[in-house]
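Quick note: the coordinates plus some simple rules give every number you see, no bench work behind them. Treat the numbers as computed from the prediction; the structure is a model and nothing was measured. As a convention, Cβ positions derive from the backbone with ideal geometry for all residues, glycine included, and neighbour counts pool all protein chains shown.
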Amino acid sequence: MRVLYVDDDRVNALLFSEACRMAGHVQIETAGSGAEALELIDSFGPDLLVLDLHLPDTDGFALLPLLRQRAGRPALPAALCSADDPGEITERARAAGFDHCWSKPVDLHVVFAALARHGAAASG
């Protein structure tokens, strides 16, 4: 399974990358901006997008449709990550097409379950 994680905080990217390695059978690429993610998506071909809400050049809501369009996959699974109050963004995330809305710091049990679910769908 391939995961594209987009977050301008390098510590968060490192922690999420390590969590993916712990989950096993996960290849991860990280990007620090929307522009970098758009460059990576062509060559990487992710099975799951994990986008930070606040990025230096855009936000997760605006980036999601661009990445899906670029990948040619309008239903590419995606999770929004944010330290913002989940009560304020969860409904907006679902309306924007995100499959998951995770609060930072992310709950690894929730991440592992999502990776397993999307990994099974990607391989089958």
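Among 10, 2, rank each residue by its count of other Cβ atoms within 10 Å, from fewest to most, as a rough exposure measure.
So the residues, fewest neighbours to most, are 10, 2.
Please give the contour-minus-distance gain from residue 15 to residue 103: 0.36 nm per residue of separation, less the Cα-Cα distance, rounded to one decimal in nm.
That pair, residue 15 and residue 103, stretches by 30.3 nm at full extension.
Is there a quick way to get the dipole size of the chain? I mean about its Cα centre, with the Cβ of Lys and Arg at +1 and of Asp and Glu at -1; what is the value in debye to the nearest 20?
The dipole of the chain has a size of about 520 debye.
Amide H to amide H, which residues 5 or more places from residue 47 or on other chains are under 5 Å from it, using H placed in the peptide plane?
Here 2, 3, 4 satisfy the definition.
Report, in whole Å, the centroid distance computed from the Cα atoms of the range 5-32 and the range 46-124.
The range 5-32 and the range 46-124 have Cα centres separated by 13 Å.
Could you list the GluC sites (Glu not before Pro) in the range 1-80 that lie in coil according to DSSP, counting only those with at most 15 other Cβ atoms within 10 Å of their Cβ?
Answer by residue number: there is no such site.
Suppose only helical runs count, i.e. DSSP H with n ≥ 4. What mean residue ellipticity at 222 nm does that imply for the chain under -39500 (n - 2.57) per run, divided by all residues and rounded to the nearest 500 deg cm²/dmol?
-16000 deg cm²/dmol
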